[in-house]
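Structure, as structure tokens:
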Amino acid sequence: MGSAAHRHDAPIAWLLIAPALAGFAVFFAYPTLRGLYLSFTEFHVLTEPRWIGLGNFHELLQDGEFWHSLLVTIYFVVLSVVLGVLVSLVTAVILHRLAVSATVRGLMILPFLISGVVTALVWSWMLDPQLGIVNILITKLTGEPVLFFGSGGWAVPTLAGLNIWKSMGYNAVLIFAGLQTIPSTVYEAGRIDGASELQMFRRITVPLLRPILVMVVVLTVISSFQIFDIVQVTTKGGPANASKVLQMYIYDKAFGQFDFGYAATMSLALFVLLGTVTFAQLRMARAGESDTN
Amino acid sequence: MRRISPGRVVAWAYLVLVLAVTIFPFYWIVRTALSNNYALATDPSSPGPVGFTLGAFERALGLASPAEAAAQGGSAASIDLLSALRNSIVYAVLLTVCTVFFSALAAFAFSRLRWKGRNAVFAVLLTALMVPQVLTLLPNFVLIKDLGLLNSFGGMILPTAFFSAFNIFFLRQFMQGLSTEIEEAAIIDGAGPLRVCFRIVLPMSAAPIATLALLTFITTWNDYLWPLLVTNDDTVRPLTLALAVFKQSSPQAALDWAGLMAATLVAALPMLLLFVVFGRRLVNSIGFTGLK
């Protein structure tokens with residue numbers, strides 16, 4: 001069976017990929033280039049964009065609020081990634097070692113199925129300072145409620161907690177799938193050599209899981225950098241900008257102040273940042289590949 | 001083998017705690033939705049519904065008169081959750097069908113047909129995997145606005161309906177692994193590429209196509225930012241937005257938590273049903289996408 005059967009493939013192939021190509025060109029390639037162009041302009045949607053060269057970039061460097069929101073975002077991402085991946089990893093390993101039924105894994109992905117808005121609403125209710133069940137328990141223990149969303153110190157950790165709650169089960173299932181690919185003979189050998197559970201976790205599980213852990217970390221970093229719905233429904237960036245993540249600031253600039261040019265510049269900055277972080281993570285992952293062999 | 005060791009006890013305790021934190025909020029949604037909002041304030045920590053009533057659902061679905069709503073502590077302006085529910089269904093179904101269908105066609109062309117430039121075009125399309133939504137979001141909004149498609153289902157689905165780099169990549173991987181024997185027999189019998197696509201390869205790819213459809217449906221149902229940008233009234237606004245509006249429209253001092261949780265439950269219910277029907281498949285899908 002050779003090329004004879006495929007001689008007439010080309011026209012059909014182009015026909016079949018035509019919709020995808022059109023979608024790519026119109027709603028990906030063109031907007032990407034236009035976004036690049038807009039970041040060099042002053043553009044308020046209703047009037048034509050006006051080329052201002054590096055004007056927006058100069059403004060960006062001097063914009064304290066931008067740097068503040070960048071720090072807030074990084075704080076949020078670090079909390080989400082470090083705690084989230086740690087909890088997911090421990091949960092996946094325990095699910096695997098205890099050989100719990102698939103139903104339990106199923107229940108864990110429930111939060112992944114619901115929207116960020118639903119997550120935000122149910123937790124604002126549970127964390128409500130007066131009537132929230134969590135705060136009622138806290139008040140019983142310590143005598144005073146915690147203003148989870150309303151205090152500068154608590155806002156970002158609380159939002160990260162919601163983010164972790166929503167994504168933990170999904171990540172645990174991903175890691176669990178990775179665990180199942182590790183042959184049990186490796187553990188048996190470890191046990192014969194007298195390795196403890198903790199030693200096997202550190203010397204066998206983590207190194208062999210490295211590729212999937214890298215993937216989970218990269219996915220969590222990318223999604224956390226772009227967090228929006230949970231923040232918008234709960235704190236809207238407050239109190240006093242304490243939880244104003246970059247996406248929130250970009251949205252405010254674009255749709256609150258109609259400063260699309262500057263918002264495009266910030267989007268570009270966020271993109272470059274995301275690209276750099278992802279690239280660095282993948283490089284580090286590759287650097288460590290040898291120890292799995 | 002199954003002896004009781006301290007390690008196992010700790011592991012079980014941890015698991016029970018994690019499960020409790022995972023599931024409790026869902027129980028709390030139901031319990032609050034079945035409560036009377038006035039009574040709720042008098043006994044906020046009661047484990048069951050306080051002053052059991054279905055009034056919160058009536059308020060959330062706009063079936064209660066203003067007087068009835070006020071009598072139960074409902075203050076939120078009436079909101080048409082039913083039409084938002086319909087909008088969500090239209091939005092998620094349309095987008096899922098389009099994106100999965102067009103991705104499957106493209107994946108077939110990239111995996112089973114031989115043509116010049118195949119790898120180059122594929123490589124170009126894959127660049128989209130690396131660019132996050134944030135970069136294209138504002139220009140796409142301007143484009144949809146210029147096309148006069150704000151506040152329409154067209155504006156909501158067009159940007160992702162025809163092209164999804166991940167979907168094409170995912171299906172192509174699977175289709176490349178299919179054996180060529182049936183296909184070759186069909187070609188010898190005189191079947192053309194289109195017939196091979198629709199009669200052989202797509203049916204054989206039913207499982208990964210269903211996986212993609214499920215995951216796309218969930219993501220679209222829960223999408224917030226894009227609909228927020230391109231819609232501004234009830235005609236096409238999906239549930240996620242209607243919920244946020246429902247919260248914003250009630251006074252901060254006396255939120256109608258019972259009504260809000262009833263609305264939340266309505267918004268989450270289709271996903272919970274999906275979970276009941278496809279639970280195991282969903283769990284496997286997630287693991288599957290990770291190991292591709």
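The values are calculated or read from the model by the stated rules, or taken from the named source; none is laboratory data. Not measured: the values here are computed from a predicted model. Virtual Cβ from ideal backbone geometry, glycine too; neighbours counted across all protein chains shown. The area values use the complete protein model at the heavy-atom level, side chains included, leaving out ligands, DNA and RNA. Shrake-Rupley method; radii C 1.70, N 1.55, O 1.52, S 1.80 Å.
Go through (1) farther than 19 Å from B:L260 by Cβ; (2) crowded, with 19+ Cβ neighbours inside 10 Å one by one and return the number of the condition B:V16 breaks.
(2)
Any idea how many residues of region A:173-185 are more than 12 Å from A:R97 (Cα to Cα) and either open to solvent by 50 Å² or more (accessible area, probe 1.4 Å) or of a type in the set (K, R) (or both)? Give the steps one after another, and end with the answer.
Pass one, region A:173-185, residues more than 12 Å from A:R97 (Cα to Cα): A:173-175, A:177-178, A:181-183, A:185.
Remaining after also requiring either open to solvent by 50 Å² or more (accessible area, probe 1.4 Å) or of a type in the set (K, R) (or both): A:181, A:183, A:185.
Number satisfying all stated conditions: 3.
What's the total number of residues in region B:253-269 that are more than 7 Å from every other protein chain (Cβ to nearest Cβ), assigned to a helix (DSSP H, G or I) and in contact (Cβ under 8 Å) with a residue 60 or more places away in the chain? Outline the logic, then answer.
The initial filter retains those residues of region B:253-269 that are more than 7 Å from every other protein chain (Cβ to nearest Cβ), namely B:253-256, B:258-259, B:262-263, B:265-266, B:269.
Add one more test, that the residue is assigned to a helix (DSSP H, G or I), and what stays is B:253-254, B:258-259, B:262-263, B:265-266, B:269.
If we keep only those that are in contact (Cβ under 8 Å) with a residue 60 or more places away in the chain too, we end up with B:254, B:258-259, B:262-263, B:265-266.
Looking only at that region, the number is 7.
If we scan region A:83-98, do we find a residue that is within 26 Å of the chain's Cα centre (by Cα), β-branched (V, I, T) and over 30 Å from A:F176 (Cβ atoms)? If you could, list the steps in order and put the result at the bottom.
In the first step, residues of region A:83-98 are kept if they are within 26 Å of the chain's Cα centre (by Cα); the result is A:83-96.
The next check asks that each one be β-branched (V, I, T); those that pass are A:85, A:87, A:90-91, A:93-94.
If we keep only those that are over 30 Å from A:F176 (Cβ atoms) as well, we get none.
No, the conditions are met nowhere in region A:83-98.
If you scan region B:21-47, which residues turn out to be assigned to a helix (DSSP H, G or I), open to solvent by less than 40 Å² (accessible area, probe 1.4 Å) and either under 16 Å from A:V134 (Cα atoms) or of a type in the set (K, R) (or both)?
Within region B:21-47, B:T22, B:P25, B:F26, B:W28, B:I29, B:R31, B:T32, B:L40 qualify.
Consider B:L40 carefully, then state whether it is touching a Pro at 6+ places or on another chain (Cβ under 8 Å), modelled with pLDDT of 75 or more and under 22 Å from A:L127 (Cα atoms).
Judged against the criteria, B:L40 is not a match.
Looking at region A:164-178, which of its residues are more than 15 Å from the chain's Cα centre (by Cα) and of a type in the set (S, T, Y)?
none
Filter region B:185-241 for residues that are within 13 Å of chain A (Cβ to nearest Cβ) and in contact with an Asp or Glu (Cβ under 8 Å, 6 or more places away or on another chain); which is farthest from B:R114 (Cα to Cα)?
B:T240
Taking region A:119-161 only, how many residues are of a type in the set (A, V, I, L, M) and within 7 Å of chain B (Cβ to nearest Cβ)?
Total satisfying the criteria: 6.
Every residue, every condition in (1) within 21 Å of B:K247 (Cβ to Cβ); (2) facing chain B (nearest Cβ under 9 Å); (3) not β-branched (V, I, T), yes or no:
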{"site": "A:T235", "(1), (2), (3)": "yes, no, no"}
{"site": "A:P239", "(1), (2), (3)": "yes, no, yes"}
{"site": "A:S243", "(1), (2), (3)": "yes, no, yes"}
{"site": "A:M248", "(1), (2), (3)": "yes, no, yes"}
{"site": "A:Y251", "(1), (2), (3)": "yes, yes, yes"}
{"site": "A:G261", "(1), (2), (3)": "no, no, yes"}
{"site": "A:A264", "(1), (2), (3)": "no, yes, yes"}
{"site": "A:L274", "(1), (2), (3)": "no, yes, yes"}
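Hey, B:T220 hits all of (1) closer than 25 Å to A:G23 by Cβ; (2) open to solvent by 20 Å² or more (accessible area, probe 1.4 Å); (3) among the hydroxyl-bearing types (S, T, Y) but one; which does it fall short on?
Tallying (1) closer than 25 Å to A:G23 by Cβ; (2) open to solvent by 20 Å² or more (accessible area, probe 1.4 Å); (3) among the hydroxyl-bearing types (S, T, Y), B:T220 fails exactly one: (2).
Scan B:L212, B:L194, B:L202, B:L243 and give me the residue that is over 30 Å from A:W125 (Cα atoms) and crowded, with 22+ Cβ neighbours inside 10 Å.
B:L212
Here is a list: B:F174, B:F170. Which entry is open to solvent by less than 20 Å² (accessible area, probe 1.4 Å) and either away from chain A (no Cβ under 11 Å) or not in a helix (DSSP H, G or I) (or both)?
Sole residue among the options that is open to solvent by less than 20 Å² (accessible area, probe 1.4 Å) and either away from chain A (no Cβ under 11 Å) or not in a helix (DSSP H, G or I) (or both): B:F170.
Can you confirm whether region A:6-29 contains a residue that is touching a residue at least 60 places away in the same chain (Cβ under 8 Å), surrounded by fewer than 18 Cβ atoms within 10 Å (Cβ to Cβ) and more than 7 Å from chain B (Cβ to nearest Cβ)?
Taking every residue of region A:6-29 in turn, none turns out to be touching a residue at least 60 places away in the same chain (Cβ under 8 Å), surrounded by fewer than 18 Cβ atoms within 10 Å (Cβ to Cβ) and more than 7 Å from chain B (Cβ to nearest Cβ).
Which members of region B:134-156 meet the condition of being surrounded by 17 or more Cβ atoms within 10 Å (Cβ to Cβ) and at the interface with another protein chain (Cβ under 10 Å from one of its Cβ atoms)?
Within region B:134-156, B:V134, B:L135, B:T136, B:L137, B:L138, B:P139, B:N140, B:F141, B:V142, B:L143, B:I144 qualify.
For region B:196-251, enumerate the residues that are small (G, A, S), farther than 27 Å from B:V283 by Cα and within 20 Å of the chain's Cα centre (by Cα).
Of everything in region B:196-251, those that are small (G, A, S), farther than 27 Å from B:V283 by Cα and within 20 Å of the chain's Cα centre (by Cα) turn out to be B:A242, B:A244.
Is it the case that B:V50 is open to solvent by less than 20 Å² (accessible area, probe 1.4 Å), part of a loop (DSSP other than H, G, I, E, B) and touching a Leu at 6+ places or on another chain (Cβ under 6 Å)?
Numbers: open to solvent by less than 20 Å² (accessible area, probe 1.4 Å): yes; part of a loop (DSSP other than H, G, I, E, B): yes; touching a Leu at 6+ places or on another chain (Cβ under 6 Å): yes.
The answer is yes for B:V50.
Which one of the conditions (1) crowded, with 19+ Cβ neighbours inside 10 Å; (2) among the small types (G, A, S); (3) more than 16 Å from the chain's Cα centre (by Cα) does A:A102 fail to meet, given that it meets all the rest?
Only one criterion in (1) crowded, with 19+ Cβ neighbours inside 10 Å; (2) among the small types (G, A, S); (3) more than 16 Å from the chain's Cα centre (by Cα) is unmet by A:A102, namely (1).
Would you mention how many residues in region A:66-118 are among the hydroxyl-bearing types (S, T, Y), in contact with a helix residue (DSSP H, G or I) (Cβ under 6 Å, 6 or more places away or on another chain) and within 11 Å of chain B (Cβ to nearest Cβ)?
Summing the residues that are among the hydroxyl-bearing types (S, T, Y), in contact with a helix residue (DSSP H, G or I) (Cβ under 6 Å, 6 or more places away or on another chain) and within 11 Å of chain B (Cβ to nearest Cβ) in region A:66-118 gives 3.
State whether the residues of region B:234-247 include one that is assigned to a helix (DSSP H, G or I) and over 23 Å from B:G55 (Cβ atoms).
There is at least one residue in region B:234-247 that is assigned to a helix (DSSP H, G or I) and over 23 Å from B:G55 (Cβ atoms).
For region A:162-171, what are the residues that are more than 10 Å from chain B (Cβ to nearest Cβ) and among the small types (G, A, S)?
Selection gives A:S167 alone.
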